[in-house]
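Written out below as structure tokens is the structure these notes cover.
The values are calculated or read from the model by the stated rules, or taken from the named source; none is laboratory data. Since the structure is predicted, the reported quantities are computational estimates derived from the model, not experimental observations. We place every Cβ from the backbone using ideal geometry, glycine too, and count neighbours over all the protein chains shown. These accessible areas exclude ligands, DNA and RNA; they are computed on the full protein's heavy atoms, side chains included. Shrake-Rupley method; radii C 1.70, N 1.55, O 1.52, S 1.80 Å.
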Amino acid sequence: MKLRTLFLASLALNYGSATTAEPPRLVRQGSATQLVVQGRPMLLIGGELGNSSASSAAYMAPHWAKLRAMHLNTVLAPVSWELIEPREGSFDFSSVDSLIADARKHDLKLVFLWFGAWKNSMSTYVPVWVKRNQERFPRAQLPNGQGVEILSAFAPETLRADQRAFAALLAHIAQVDGKQNSVLMVQVENEIGMLPVARDYGPLAEARFREKVPRELVDYLVAHRAALVPEMKRLWEEHGAKTDGSWTELFGPGDASAEIFTAWYYARFADGLAASGKAAYPLPMYVNVALNRPGRIPGEYPSGGPLPHLIDVWKAGAPNLDLLAPDIYFPNFVDIVNRYKRPDNPLFVPEGNNWDRADVPANAFYAFGKMDAIGFGPFSIESGDDKPGALGEAYGVLEQLQPYILAAQGTGRMSAFKPRALYDETVVYEPLVEKIGDYRFTVAFADIQRPTATAETASYGGTIIQIGPEEYLIAGQGITVTFQPAGDGPPLVGIDSAWEGRFDAAGKWVPGRLLNGDQTHQGRHIRLPTGEWTIQRVKLYRYR
Ligand code: DGJ
């Protein structure tokens, strides 16, 4: 089959008419994993609400239409335990129902964030009957025995109560949304991790810390030895790669073993929660990650969360979680997402920095186009004014490209580009080269004649998607693209045609200007200007 026929066939498959009432699920396509909703894959072009916004339907009322106008298709919204179970065993789902009703009215989908036992380490979203009953729901303790406002992960009653509420929520979603599928996924807790020390020192935790490292974790380390994340492999091997022994025997004394211990029991708790939620309604589930700043010790950052160096512990301890999802507020976005996209972990970025940061749109393009992400959502998305802004414009382009991105994810027919930035915000200026089909593309950022990196360069980026043997969609802002041949054939490459344009609501290409002359530097390159997010449809040809 010709490439074009293949491409159209896969589009037809992806956008077929199948409508089932099965829950949204994750499905493999080549090397990618996609979220399939009612038989069709979708990209979660999203945004996360500020923490308190979803607790009031009236507060949210003016924001929904704005979010849709920004071309979001999905809103990530907290559901808090204290609101849905104000008295033990008595559930009030009005906050959930109004979120679903309002999202539907505005043609938006939802990801619910379960603010249960922990929200940013702390236990401030638990109902007061939990908060005030320390006997039944013990707190984590510091080495001196003082409690912190963090429920201990070692208390069976806490897990049971959280599970019961979470399962009731999922059962309710199944009941009110099992057919329409407005709710796509659920986040289990929020940014789990112990503060301000590496582990809980309460009596329940102490008893567990005296036990041997659980068999399941050791078996995982042995089975995945070659593929463990470098930090875990090094730590375990430095201590003799033992398969039996205490936490300190396997992972050394001090914070390192304390943090792995913490990670294991948080993972087991989250897994237990996910299992009981899925038994009620099997939506895809994930945990989000509060990343650590370099040079800090566990406890200075939330210890034991699903951090890059602890991915193995979480994978071993929480098989019921579908993915570990990084919240990225640091400039080194590219490096971070490369750690979380793995064959066993599709990329989802629930908090891709604050919505108004200049590099957010380029990060969204990179996530979907290079990392085959299932979703991306900057934080505090409702905080802007009524104008769509740069993010709205970029999301508008992603919305147009969605069928093409979905068809290309995991197939090698697409890539995306943005300059790598370091943690200290230094932008690494380096044209990126990628072979897509029979052409090799060199993508430079901003002005190809004067390649210097400024802070603004971090906001440039885009994607290239092959849509025919010699035809490509090139979309983004601030990039200049040149071409070389790849594979057999004449040695030189020219531009057959380059059209600016857009896809209308029905998905039909609406061409604008035919670009030539100064706009393509007399046939030498494709340039997407800075300051606006645009699409060009480009056909190349080979000559000698
Ligand atoms: C990360 C948390 O997950 C969010 O709920 C919110 O607290 C943001 N940090 C604030 O920056």
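Number of residues in segment 336-387 that are more than 17 Å from M70 (Cβ to Cβ) and of a type in the set (S, T, N, Q) equals 2. If you go through segment 160-195 and pick out every residue that is surrounded by fewer than 19 Cβ atoms within 10 Å (Cβ to Cβ) and over 26 Å from D97 (Cβ atoms), you end up with 0. Being of a type in the set (F, W, Y), within 16 Å of the ligand (Cβ to nearest atom) and either more than 28 Å from the chain's Cα centre (by Cα) or under 21 Å from G116 (Cα atoms) (or both) holds for only one residue in Y201, Y266, and it is Y266. Within the set D344, D385, the sole residue that is more than 16 Å from the ligand (Cβ to nearest atom) and over 27 Å from W264 (Cα atoms) turns out to be D385.
Taken over segment 295-324, the residue count meeting the criterion of being open to solvent by 30 Å² or more (accessible area, probe 1.4 Å) and either in contact with a Leu (Cβ under 9 Å, 6 or more places away or on another chain) or in contact (Cβ under 8 Å) with a residue 40 or more places away in the chain (or both) is 7. Could you tell me whether V493 is touching a Leu at 6+ places or on another chain (Cβ under 7 Å) and in contact (Cβ under 8 Å) with a residue 40 or more places away in the chain? Judged against the criteria, V493 is a match. Counting only residues that are outside any loop (DSSP other than H, G, I, E, B) and more than 22 Å from L324 (Cα to Cα), segment 202-233 holds 10 of them.
Matching residues to (1) within 31 Å of the chain's Cα centre (by Cα); (2) over 30 Å from L169 (Cβ atoms):
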{"residue": "K233", "(1), (2)": "yes, yes"}
{"residue": "E238", "(1), (2)": "no, yes"}
{"residue": "K242", "(1), (2)": "no, yes"}
{"residue": "A256", "(1), (2)": "yes, yes"}
{"residue": "F261", "(1), (2)": "yes, no"}
{"residue": "A280", "(1), (2)": "yes, no"}
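Between A61, A9, A32, the distinction of being open to solvent by 30 Å² or more (accessible area, probe 1.4 Å), more than 16 Å from the ligand (Cβ to nearest atom) and modelled with pLDDT of 95 or more belongs to A61 only. Any residue in segment 36-47 that is surrounded by fewer than 24 Cβ atoms within 10 Å (Cβ to Cβ), at negative phi and of a type in the set (S, T, N, Q)? Within segment 36-47 (the criterion being surrounded by fewer than 24 Cβ atoms within 10 Å (Cβ to Cβ), at negative phi and of a type in the set (S, T, N, Q)), the answer is no, since none of the residues qualifies. Restricting attention to segment 282-294, which residues are open to solvent by less than 80 Å² (accessible area, probe 1.4 Å), in a loop (DSSP other than H, G, I, E, B) and away from the ligand (no atom under 12 Å from the Cβ)? Residues satisfying the conditions are P282, L283, P284, N292. For segment 325-340, a residue qualifies if it is within 14 Å of the ligand (Cβ to nearest atom) and either open to solvent by 20 Å² or more (accessible area, probe 1.4 Å) or not β-branched (V, I, T) (or both), and the qualifying residues are A325, P326, D327, Y329, F330.
Those strands (runs of 3 or more DSSP E) of segment 15-104 in which 2 or more residues are in contact with an Asp or Glu (Cβ under 7 Å, 6 or more places away or on another chain) and either touching a residue at least 12 places away in the same chain (Cβ under 8 Å) or basic (K, R) (or both) occupy 44-48.
With the structure loaded, tell me whether R199 is outside any strand (DSSP E or B) and open to solvent by 50 Å² or more (accessible area, probe 1.4 Å) or whether it fails that test. Answer is no for this residue.
Just to be sure, is R357 assigned to a loop (DSSP other than H, G, I, E, B) and either modelled with pLDDT of 95 or more or among the basic types (K, R) (or both)? So R357 passes the test. A count restricted to segment 115-141 and to residues that are within 12 Å of the ligand (Cβ to nearest atom) and open to solvent by less than 50 Å² (accessible area, probe 1.4 Å) stands at 5. Among the residues of segment 488-509 satisfying the criterion of being of a type in the set (A, V, I, L, M) and open to solvent by 50 Å² or more (accessible area, probe 1.4 Å), which is nearest to R542 (Cα to Cα)? The selected residue is L492. Scan segment 234-246 and tell me whether some residue there is of a type outside the set (A, V, I, L, M, F, W, C), open to solvent by less than 60 Å² (accessible area, probe 1.4 Å), within 16 Å of the ligand (Cβ to nearest atom) and touching a residue at least 24 places away in the same chain (Cβ under 8 Å). Within segment 234-246, not a single residue is of a type outside the set (A, V, I, L, M, F, W, C), open to solvent by less than 60 Å² (accessible area, probe 1.4 Å), within 16 Å of the ligand (Cβ to nearest atom) and touching a residue at least 24 places away in the same chain (Cβ under 8 Å).
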